[in-house]
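Asker: One structure, pasted below without further comment.
Please treat every number below as a calculation from the coordinates, not as lab data. Note that the coordinates shown come from a computational prediction; the quantities given were computed from them, not determined experimentally. All Cβ positions, glycine included, derive from the backbone under ideal geometry; neighbour counts span all protein chains shown.
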Amino acid sequence: MKLGFLGAADTVTGSRFLLETGEAKLLVDCGLFQGFKKLRQRNWSAFPVAPASIDAVVLTHAHLDHSGWLPALVREGFRGPIHATEGTRELAGLLLRDSARLQEEEAEFANRHGFSRHSPALPLYESADVERALARFHVQRFGPAFDLNGELRARFVAAGHLLGAASVVLQRDGRTLVFSGDIGRNEDFVMRAPQVPEFADTLVIESTYGDRRHASIDEALEQLAAVIRDTAARGGTVLIPSFAVGRAQSLLVALHRLRENGSIPKLPVYLDSPMAIDATRLYRRFNADHRLGDAECEAIFRGVRFVNTPDESKRLAQLRVPTILLSASGMATGGRVLHHLKRLLPDPANHVVFAGFQAGGTRGAHLVGGAREVKIHGEWHPVNASVTQLDGFSAHADADELLDWMRRLRRAPGQVYVVHGEPEAADRLRHRIVEELGWRARVPEHGETVDVPL
Ligand code: ZN
């Protein structure tokens, strides 16, 4: 069997792994490249094999860097099933529809203001492409193996990280190839600890935080509380650009806990993202798949004001009291948060808090890196507000947790491929796998194909 690393091989984004047996072609994940322009340009390249020749896709989870190119794959001719858990299908519906809308809006905005080098600017895909992709989803449960093409079977193992997120175990003739997908944390505000497949003859593992140790949940809570107390004392607004799906719900849980134990003043909390509101409702519906109970969900969500319409969002600009404002997107690459950033960044009373990973090249990475001005909608804006990054809210295992996860496999894999990390993080994890576990591990190159015993 041949395994091609079509993405997430020198970066955290664009997860796409192509498996070729004699007869069949399978794709594990079909993600969008995000961040640096050099990476985003890959989204516009033709897929390396004809999409019509791919028999099936297995999707680890709904995040766009794993699912976001599916609409383009279907538009370009893919006609097979997309296997995913129910939680993944529901969240992918939200994320992909939003992705198409953002791309349509960006293209339209660029055309109206004439700052695109392409005329006319075109979206990568449209809403209709998303609906065609969603119609191809086949829901599979966690646990039982399902048939892929008569010769290969697959199984989803709960990975924590995000509602519906899974590791994928592929099996043939007693041999296994495991894709870790994104692995969650043992301690998490919402999701349960990740489970580990029994065996992996070959393992493809993520390394987003392969060179890092996360703060604990308690440290993250205290850091957030300190920011909120300081900002409230000087009459400012705490703006939290947040991933609408997953991170926003963790932050709501955190804010609820801090309010309950008196660590922060009872400020109004606004959730200004229709997608985050929808995702929050999905987390309530799928409450068997995470650690929050019914009563806790109710209590948490009572403390938040949902901001649905653009007019309600604009009215937030009139607020003159200290406020906590959660808005998407999480790396400040698009969405309503851009309008809030334009308004809030010039004033030193305000505080912008990033609670997640900021991919290189994004506006979020520039701000966290100390930029004194940022470009939004083609114009430069001064940065006088405080900017903080909290890492305790990560939904990804850190390096120690990744190693613990691997130690729980019942025998050593013959080969480990380290993917889904910036080059330093991937190489550092590779080094630790070799040194501490004594396993064969390497970091594949973008576009490389290897032989896998399966
Ligand atoms: Zn993810």
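Asker: Let me spell it out: the conditions are (1) within 16 Å of the ligand (Cβ to nearest atom); (2) in a loop (DSSP other than H, G, I, E, B), and residue 361 meets all of them except one. Which number is the exception?
Answerer: For residue 361, the exception is condition (1).
Asker: Return the pairs, sorted by first residue and then second, in which the second residue is surrounded by fewer than 21 Cβ atoms within 10 Å (Cβ to Cβ) and among the charged types (D, E, K, R), the first residue lies in the stretch 1-30 and is over 21 Å from residue 172 (Cβ atoms), the beta carbons are less than 8 Å apart, and the residues are 6+ apart or on different chains.
Answerer: Correct list of pairs: 7/42; 9/445; 9/448; 10/445; 11/422; 12/422; 14/42.
Asker: Tell me, which strands (runs of 3 or more DSSP E) wholly within the stretch 116-186 include 1 or more residues that are polar (S, T, N, Q), out of contact with any Asp or Glu (no Cβ under 6 Å at 6 or more places or on another chain) and within 16 Å of the ligand (Cβ to nearest atom)?
Answerer: Per the criteria, 166-172.
Asker: I'm trying to understand the selection: among the residues of the stretch 224-253, which are out of contact with any Lys or Arg (no Cβ under 9 Å at 6 or more places or on another chain), among the small types (Gly, Ala, Ser) and more than 16 Å from the ligand (Cβ to nearest atom)?
Answerer: 225, 226, 232, 233, 236
Asker: Here's another thing I want to ask about it. Examine the stretch 62-84 for a residue that is on the phi > 0 side of the Ramachandran plot and under 22 Å from the mean Cα position of the chain (by Cα), and state whether such a residue exists. Spell out how you get there, then give the answer.
Answerer: Taking the stretch 62-84 first, the residues on the phi > 0 side of the Ramachandran plot are 77.
Then keep just the ones that are under 22 Å from the mean Cα position of the chain (by Cα); that gives none.
No: zero hits.
Asker: Here is a follow-up. Does the stretch 320-358 hold any residues that are under 16 Å from residue 234 (Cβ atoms) and part of a helix (DSSP H, G or I), and which are they?
Answerer: Across the stretch 320-358, the qualifying residue is only 344.
Asker: Within the stretch 212-223, is there a residue that is within 14 Å of the ligand (Cβ to nearest atom) and in a loop (DSSP other than H, G, I, E, B)?
Answerer: no
Asker: Right, something else. Do we have residue 247 as basic (Lys, Arg) and crowded, with 19+ Cβ neighbours inside 10 Å here?
Answerer: yes
Asker: In the stretch 405-423, how many are charged (D, E, K, R) and buried (at least 24 other Cβ atoms within 10 Å of the Cβ)?
Answerer: 0
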